[in-house]
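Novice: My structure is below; once you've seen it, I'll send some questions.
Values in this text are rule-based calculations from the coordinates and carry no lab data. Note that the structure is predicted; figures quoted are calculated from it, not measured. Ideal geometry is used to build each Cβ from the backbone, glycine not excepted, and the neighbour counts take in all protein chains shown.
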Amino acid sequence: MEELLSKIRVCNLCNDLLPLGPRPIVASSPKSRIAIIWQAPGSVVHESGVPWDDKSGENLRAWMQISSEDFYNPDKLALIPMVFCYPGRGKSGDNPPTGMCAPTWHDQLLNELQELRLVFLVGKYAQDYYLGDTAQKTLTQTVQQFEDYLPKYFPFPHPSPRNNIWQAKNPWFKASVLPRLRQEVASALR
């Protein structure tokens, strides 16, 4: 695992596409029980080098009801973005993943996770990649049908503050999805 992580941390496959240059962000251990797969590190995370070290990460930890200590313990959680480096800013948020990291590295990483019990798919890019044809037409529909993907996958929206409007329009998320998400976290970490 350490050799693989070392290779990822010096990867520069999409160097020419990255406005701030490569700075691969990943955390994992063979003992990781939960993998969190999401779109990409944001600009704040690019600066700090720490996955989910921003407001979205605070929201995610609150959703999961997990301490920072447990969240950043790779023996508990693997933090694996679809693209390991900040992809730059687009018209309505960050640019989408380049499409190089996941096919190059994800299978290798996931095969090393010997105690993996659950994969959280955060956002549409991760859901489309991993759920393929079984993903619903929209993120909202996929999240509503989250039980269809258990026990392996648990899809949910990105915890960005920009998604507060989505949450307000979909009160069922806080009422039914978050309690189940917390239950699954507690069960996987036992």
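Novice: Using the structure shown, select from Lys76/Lys174; Lys31/Lys124; Lys124/Lys152; Lys7/Lys124; Lys55/Lys137 the pairs with a Cα to Cα distance greater than 22 angstrom.
Specialist: Working: Lys76/Lys174 24 Å; Lys31/Lys124 27 Å; Lys124/Lys152 17 Å; Lys7/Lys124 27 Å; Lys55/Lys137 28 Å.
Over 22 Å apart, Cα to Cα: Lys76/Lys174; Lys31/Lys124; Lys7/Lys124; Lys55/Lys137.
Novice: Going by amide H atoms built from the backbone, whose H comes under 5 Å of the H on Gln136, apart from near neighbours?
Specialist: Placed amide hydrogens put Thr142 under 5 Å from Gln136.
Novice: Now, a different point. Starting from 0.36 nm per residue, how many nanometres of slack lie between Arg23 and Arg9 once their C-alpha separation is accounted for? Before the final figure, lay out each step's value.
Specialist: Working: separation 14, 0.36 × 14 = 5.04 nm, distance 0.72 nm.
Fully extending the segment from Arg23 to Arg9 adds 4.3 nm.
Novice: By DSSP, what percent of the beta bridges with both residues in the chain are antiparallel, rounded to the nearest 5? Walk me through the intermediate numbers first.
Specialist: Working: 3 of 17 bridges.
For the chain, the DSSP antiparallel bridge percentage is about 20.
Novice: Set the Förster radius R0 to 25 Å, insert the Cβ-Cβ distance between Lys137 and Asn111 as r into 1/(1 + (r/R0)^6), and round the FRET efficiency to 0.05. Before the final figure, lay out each step's value.
Specialist: Numbers: r = 31 Å, r/R0 = 1.23.
With R0 = 25 Å, the Cβ-Cβ based efficiency is 0.25.
Novice: Here's a follow-up. Under a point spin-label approximation (7 Å from Cα along Cα-to-Cβ), what is the Ser48-Asn73 distance to one decimal in nm?
Specialist: 2.0 nm
Novice: Starting at the first residue of segment 34-46, write each ³J(HN,Hα) from the Karplus equation 6.51 cos²θ - 1.76 cosθ + 1.60 with θ = phi - 60°, in whole Hz, x for Gly and Pro.
Specialist: Once rounded to whole Hz, the list reads 10, 10, 10, 10, 9, 4, 5, x, x, 5, 5, 5, 4.
Novice: Just to check I understand the Karplus step: with θ = phi - 60° and J = 6.51 cos²θ - 1.76 cosθ + 1.60, what whole-Hz values come out for segment 52-58, glycine and proline as x?
Specialist: Per residue, the Karplus-derived 3J(HN,Hα) values read 6, 8, 7, 4, 4, x, 4 Hz.
Novice: Separate question: Charges only on Cβ, +1 for Lys and Arg, -1 for Asp and Glu: so what's the dipole of segment 1-78 about the Cα centre, in debye to the nearest 20?
Specialist: 160 debye
Novice: Could you let me know the centre-to-centre spacing of segment 43-63 and segment 103-150, using Cα atoms, in angstrom?
Specialist: Taking the Cα centre of each part, segment 43-63 and segment 103-150 sit 20 Å apart.
Novice: Taking the simple approach of a point 7 Å from Cα along Cα-to-Cβ for both Leu189 and Lys31, what is their distance in nm?
Specialist: Distance between label points: 1.5 nm.
Novice: Let me know the charge dipole size of the chain about its Cα centre in debye, to the nearest 20, where only the beta-carbon of Lys, Arg (+1) and Asp, Glu (-1) is charged.
Specialist: On the way: 20 positive and 19 negative charges, 114 e Å.
Computed charge dipole of the chain: roughly 540 debye.
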